[in-house]
Amino acid sequence: MTTSAVEPPEQADEKTFPYPRKCPFSVPDEYAGMIEDDVSQVTLDGSGLRVWTVTGYRTIRELLTDPRVSASRRHANFPFYFIAPPEFRTETSFIGYDGAEHTTTRRKAALTFTNRQVQRLRPRIEEIVEDHLDRMLAMTPPVDMHRVFSLGVPMTVICELLGIPQDEHDFFIKHGTALLGGHSTPEERQLAIVEVNAYVEKLIRIKEQEPGDDLLSRAMADYRDSGEEYTDRDLFNMVRLLMNGGHETTASQISLGTACLLENPDQLALLRADPSLVKPAVEELVRIATIGDTAIPRVALEDIEIGGRTIRKGDGILCLGLAGNRDPEVFPEPDKVLISRGSRKHLGFGHGVHHCIGADLARVELEIVWSRLFERIPTLRLATPFQDIPRKEGAVIYGLWELPVTWDTEDSE
């Protein structure tokens, strides 16, 4: 497998929301007033929409369980970060459905994401991680870990789940960057949507004719065996959701979490001394980085009184998990990285009925990565000062464009 390098774009002038983080593990300075007010209004860069932001942990949880808000991308004021014509306002599977439609469609997809099914994948994920560590150790440092490892591991997992050939991985990395990277033009995003849609349609037809030992083939069989009806739309959106979100999110979390541990050597020492801390470490690293800070958009279906403000029917809403995950009433000393904290209360995987369906899969991948990475490469360290590493400011999924690392050459022996 080859994994293409992703070049960081020219940084645009930051005039409107989202605001840049001075550090990947801190909230932007501009959040201060928004946190104080809990519910505020901002103008979105790119689309120019005026939307509400919600920063309080409890207020976010309240909104995400409120039936008066919608996740549908079809609303006129849905908080897109770019101008999207109606024909390109994709549903992105059940994450863009409401009510009974969401419940029914998510239940179908959930057949393949139960904890039992994920645990069955653990041995193969372990093999994939070891294989990518072998490849990285075979290289001469310094190495861009984000390109050769962080992107490669989840991409291989997702493509194997869907039965996609390894030589087509670059296609999805390229299009995932166009859709979620934050600096693509509207035309580039629209082209990516068209090309991904065409690929998914072709893949479904192939699996109908030649089913294999993969998630998509099993999903079709499970639906038939359970008596559940499924449509091309159900399969189409499930596959697209996995391809677009299943690798970019985990890849960003691997790189950011690894950098965070390297920048907090006391916490890394704790993990090395007690490998059982890896489970709580995953929760803390997901909380502290909050890669999907702007990835929980909603639209009000009715007037809503919340946080001392009135959100009008039709208004767009952004629930800012990065701020919610720094609520000191929920997370004491919220700006500190404490891997023993291990709280699952964080908003890193969302909340409510739209809680990330792939959370268990992501947790297993991250547990295996951080269990093996520092055992296999005990002298791993950054090859570039952390503050100089380019970051994905303004992206739907926050992260690093690269992660230059090095190690002592005897680790490769």
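The values are calculated or read from the model by the stated rules, or taken from the named source; none is laboratory data. Fair warning: this is a prediction, and the values are worked out from it, not measured in the lab. In this analysis, Cβ positions are derived from the backbone assuming ideal geometry, glycine residues included, and neighbour counts consider all displayed protein chains. The accessibility values were calculated without ligands, DNA or RNA, using every heavy atom of the protein model including side chains. Shrake-Rupley method; radii C 1.70, N 1.55, O 1.52, S 1.80 Å.
Restricting the first member to region 144-160 and to residues that are buried (at least 24 other Cβ atoms within 10 Å of the Cβ), and the second to residues that are part of a strand (DSSP E or B), the beta-carbon pairs closer than 6 Å and six or more apart or on different chains are MET145/VAL405; HIS146/LEU400. From (1) crowded, with 21+ Cβ neighbours inside 10 Å; (2) in a helix (DSSP H, G or I); (3) of a type in the set (Val, Ile, Thr); (4) at pLDDT below 85, pick out the condition that doesn't hold for VAL194. So the condition that VAL194 fails would be (1). Only residues that are at positive phi and over 22 Å from the mean Cα position of the chain (by Cα) were counted in region 360-404, giving 0. Before we move on, is ILE311 among the hydrophobic types (A, V, I, L, M, F, W, C) and modelled with pLDDT of 95 or more? When the stated conditions are applied, ILE311 passes them. Screening region 235-274 for residues that are part of a helix (DSSP H, G or I) and among the acidic types (Asp, Glu) and picking the one that is surrounded by the fewest Cβ atoms within 10 Å (Cβ to Cβ) gives ASP266.
For region 354-382, a tally of residues being surrounded by fewer than 16 Cβ atoms within 10 Å (Cβ to Cβ) and part of a loop (DSSP other than H, G, I, E, B) returns 3.
The set of residues in region 201-216 that are modelled with pLDDT of 80 or more and in a helix (DSSP H, G or I) comprises GLU201, LYS202, LEU203, ILE204, ARG205, ILE206, LYS207, GLU208, GLN209. Would you be able to tell me the number of residues in region 143-173 that are in contact with a Leu (Cβ under 8 Å, 6 or more places away or on another chain) and β-branched (Val, Ile, Thr)? Going through region 143-173 one residue at a time, the tally reaches 4.
Considering (1) free of Cβ contacts under 8 Å to residues at least 24 places away in the same chain; (2) closer than 15 Å to THR55 by Cβ; (3) open to solvent by less than 30 Å² (accessible area, probe 1.4 Å); (4) not β-branched (Val, Ile, Thr), the lone condition that LEU322 does not fulfil carries the number (1).
Collect the residues in region 325-339 that are open to solvent by 50 Å² or more (accessible area, probe 1.4 Å) and either in contact with a Pro (Cβ under 7 Å, 6 or more places away or on another chain) or not charged (D, E, K, R) (or both), keeping them in residue-number order.
Scanning region 325-339 gives PRO328, PRO332, LEU338.
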